[in-house]
Amino acid sequence: MLFIDRTMDEVNIVTNIDSWREFRKLTADNCDLLKELYKFPKPILVTGCQRSGTTMLSRIITGSDGMVKYWFGRDDELDAALILSGMVEHEPQGRYCFQTTYLDHCYEQYFECPPSTKIIWVLRNPYSTVYSLIYNWPDESFYRTFRNGAVRYLEGIDKQKFKLLGVHGFKKIMQGCYIYNWKVSQISHLVPKLGRNRIMVVDYDDLVLNKETILPAIYDFIDLEYKDIYSQNIRSSSVSKRYLLSEEEQAVVTKQSHPLYQEARQFLSL
């Protein structure tokens with residue numbers, strides 16, 4: 001399938017890559033996923049663990065005055081991945097916000113970003129995130145992320161179990177916790193090295209419940225004019241996802257991921 005960018009005056013993007021499976025296949029042995037970022041003036045990157053609210057925030061910022069809406073396919077994060085990796089041609093026409101949760105094990109690429117880059121890491125409580133990972137995320141993406149990334153977080157008997165049984169050696173709730181822990185643990189590496197003038201860590205629940213305070217602070221961080229209308233796209237109903245896990249599942253998340261979440265909150269910018 002061909003996708004053509006109709007948001008620009010001239011058609012300048014054409015690609016037949018229309019799925020994450022194809023993208024991952026082409027970049028399996030390549031971590032040079034942000035190689036085109038240097039072309040974009042004062043870029044904004046929104047990242048975090050998958051299913052943590054990064055899509056919502058990146059869309060709000062992209063829809064703001066002064067930003068370019070570059071989307072051309074059915075998945076705006078995939079559009080960002082294709083543009084930044086150089087798989088499609090795109091001539092910058094202003095300021096952009098890219099969602100980059102897809103970097104996964106290539107997250108050290110953030111260290112190589114141009115100094116003008118602003119990175120927003122969206123941290124979300126593990127109950128809501130793990131619920132969404134195991135119930136709202138496609139199985140193909142879920143199991144691939146566990147196999148190719150989260151297994152790096154395994155230790156001791158769990159590491160041996162994976163070698164013997166693969167994904168079948170773990171309940172899905174455990175795999176979700178390992179994905180969450182693997183991604184959230186990256187915060188402790190990124191913030192000290194990048195500095196708080198380049199990376200901002202925001203708690204999703206805090207943003208949703210205190211949007212009148214936190215969203216303007218985000219706009220101040222990315223040096224973009226804030227308007228009250230932007231907060232209308234934030235809905236508080238999503239916070240209730242944390243209560244949808246069964247008692248047994250909640251107990252697993254409390255043991256496996258909640259302590260790391262509390263540690264990560266020390267890096268919050270607000």
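The values are calculated or read from the model by the stated rules, or taken from the named source; none is laboratory data. Being a predicted model, the structure only gives us computed values, none of them experimental. Here Cβ is always computed from backbone atoms with ideal geometry, including for glycine, and neighbour counts include all displayed protein chains.
Brief remarks on what is shown
- Residues in segment 5-64 that are modelled with pLDDT of 95 or more, within 19 Å of Tyr96 (Cα to Cα) and hydrophobic (A, V, I, L, M, F, W, C): Leu33, Leu34, Leu37, Phe40, Ile44, Leu45, Val46, Met56, Leu57, Ile60, Ile61.
- Residue among Lys241, Lys211, Lys255 that is farther than 15 Å from Leu57 by Cβ and surrounded by 13 or more Cβ atoms within 10 Å (Cβ to Cβ): Lys241
- Residue in segment 143-163 that is more than 29 Å from Asp32 (Cβ to Cβ), touching a residue at least 60 places away in the same chain (Cβ under 8 Å) and not in a helix (DSSP H, G or I) present: no
- Taking the criterion of being among the polar types (S, T, N, Q), over 21 Å from Tyr131 (Cα atoms) and in contact with a helix residue (DSSP H, G or I) (Cβ under 8 Å, 6 or more places away or on another chain), the only residue of segment 152-191 that qualifies is Ser188.
- Among the residues making up segment 195-213, those that are assigned to a helix (DSSP H, G or I), farther than 21 Å from Thr101 by Cα and either at pLDDT below 95 or not charged (D, E, K, R) (or both) are Leu209, Thr213.
- Flag if Phe170 is surrounded by fewer than 21 Cβ atoms within 10 Å (Cβ to Cβ) and closer than 25 Å to Leu244 by Cβ: yes
- Any chance Gly86 is surrounded by fewer than 18 Cβ atoms within 10 Å (Cβ to Cβ), small (Gly, Ala, Ser) and either closer than 30 Å to Ala150 by Cβ or at pLDDT below 95 (or both): yes
- Restricting the search to helices (runs of 4 or more DSSP H) fully inside segment 16-95 and requiring at least 3 residues that are within 18 Å of the chain's Cα centre (by Cα) and without any contact (Cβ under 8 Å) to a residue 60 or more places away in the chain gives 54-62, 76-85.
- The C-beta contact set for segment 164-180 (first residue within 15 Å of Glu248 (Cβ to Cβ), second residue of a type in the set (Ser, Thr, Tyr), distance under 6 angstrom, 6+ apart or interchain) comprises Cys177/Ser257.
- When every residue of segment 237-257 is checked against the conditions, at least one turns out to be assigned to a loop (DSSP other than H, G, I, E, B), under 21 Å from the mean Cα position of the chain (by Cα) and in contact (Cβ under 8 Å) with a residue 60 or more places away in the chain.
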